[in-house]
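Worksheet: one structure, shown below.
The values are calculated or read from the model by the stated rules, or taken from the named source; none is laboratory data. Source: prediction; values computed, not measured. All Cβ positions, glycine included, derive from the backbone under ideal geometry; neighbour counts span all protein chains shown.
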């Protein structure tokens, strides 16, 4: 069964600094999708960044980038120039291959605090 | 465009009762997925619907059921509520199913079972 592991329950970063959140996953598939979602306190979950497994190039979205290591089954999120608004729970998620499902398998989340 | 809406936002029920939660997807979205979020189990996939058909179901007992209407709105029902069903229930919608397709989440329904 596919699983997603986030080994850092909580992280803290100073404003304007860089932080990396870790995620590992387990799958026997070769083609799949990986996502990072952000869930601010009492607010809706939103997509931060996504990565297709068949793409070697790491995805980037403004201050957010990933380090995708397919062989190691690792998918970490780097947040540069951290801002107070980045404080939230971050979930790593895996989507199985196949065109007919939106099912996501989530990790347990990392609670990120941003210190002013 | 209005986002995903879920009603009610908060609900308190008694053990043994049943409950129905509603999700209205973003206009034009045909896929709706449901997730249960608890502190102990995290986010777990319940089921998903596409064009009124259940495409996938998570590992939940038969007390959990759902459906999707022709206007893409979806409901989920939990019968014979147990204390362990207390959770935040999230709905997500998207235009299509699968691939790199982005899902948009609603604010959730906070269910408390006493």
*Starting from the range A:35-50, take each residue that is within 16 Å of residue B:6 (Cα to Cα) and within 8 Å of another protein chain (Cβ to nearest Cβ) and list its partners that are at pLDDT 95 or above and assigned to a strand (DSSP E or B), counting only C-beta distances under 6 angstrom and pairs at least six apart or across chains.*
A:44/B:105; A:45/A:37; A:45/A:39; A:45/B:105; A:46/A:38
*Since residue A:55 meets every condition but one in (1) surrounded by 13 or more Cβ atoms within 10 Å (Cβ to Cβ); (2) within 11 Å of chain B (Cβ to nearest Cβ), which condition does it not meet?*
(1)
*Collect the residues in the range B:2-32 that are at pLDDT below 95 and either surrounded by 18 or more Cβ atoms within 10 Å (Cβ to Cβ) or on the phi > 0 side of the Ramachandran plot (or both), keeping them in residue-number order.*
B:28, B:29, B:31
*Look through B:58, B:3, B:99 and report the one residue that is within 24 Å of residue A:50 (Cβ to Cβ) and touching a residue at least 60 places away in the same chain (Cβ under 8 Å).*
B:3
_Within the range B:33-41, does at least one residue satisfy the condition of being closer than 17 Å to residue A:37 by Cβ, in a loop (DSSP other than H, G, I, E, B) and at pLDDT 95 or above?_
no
*asked:* When the residues of the range B:74-100 are narrowed to those that are surrounded by fewer than 16 Cβ atoms within 10 Å (Cβ to Cβ) and closer than 15 Å to residue B:25 by Cβ, which ends up nearest to the other protein chains (Cβ to nearest Cβ)?
replied: B:96
_The listed residue being in a loop (DSSP other than H, G, I, E, B) and either within 24 Å of residue B:34 (Cα to Cα) or in contact with a helix residue (DSSP H, G or I) (Cβ under 9 Å, 6 or more places away or on another chain) (or both), out of A:82, A:42_ = A:42
